[in-house]
Amino acid sequence: MMEAMITIDGHKLTEGQSMSVRVAITAFLMELKNDKQFADSLGLIGIVYQARLTEVMHIILNNEAS
């Protein structure tokens, strides 16, 4: 199975770059979920990060299914 194609500002990422983006987003979302003190220290921006990164992951996964 190939990695989902990700395009940023009109530039298609390589498979390795796409995988790195997904790993980074997943790791940050897990950190927000599992480390309450870290999430609390970010305040409202943490909530915004979580919402946007969750949205980005859905976009990536929907493009992967296409």
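A few remarks follow.
- What the chain shows is 77 Å² of accessible area per residue, with the surface traced by a 1.4 Å probe over protein heavy atoms.
- For region 32-42, 3J(HN,Hα) computed residue by residue from phi via the Karplus equation (6.51, -1.76, 1.60; θ = phi - 60°) reads 4, 6, 8, 10, 4, 5, 4, 4, 5, 5, 7 Hz, glycine and proline entered as x.
- Cα-centred dipole magnitude for the chain, charges only on beta-carbon of K, R (+1) and D, E (-1), debye, nearest 20: 80
The values are calculated or read from the model by the stated rules, or taken from the named source; none is laboratory data. The structure presented is a predicted model; accordingly, all values stated were derived computationally and were not measured. Positions of Cβ are backbone-derived with ideal geometry, glycine not excepted, and every protein chain shown enters the neighbour counts. These accessible areas exclude ligands, DNA and RNA; they are computed on the full protein's heavy atoms, side chains included. Shrake-Rupley method; radii C 1.70, N 1.55, O 1.52, S 1.80 Å.
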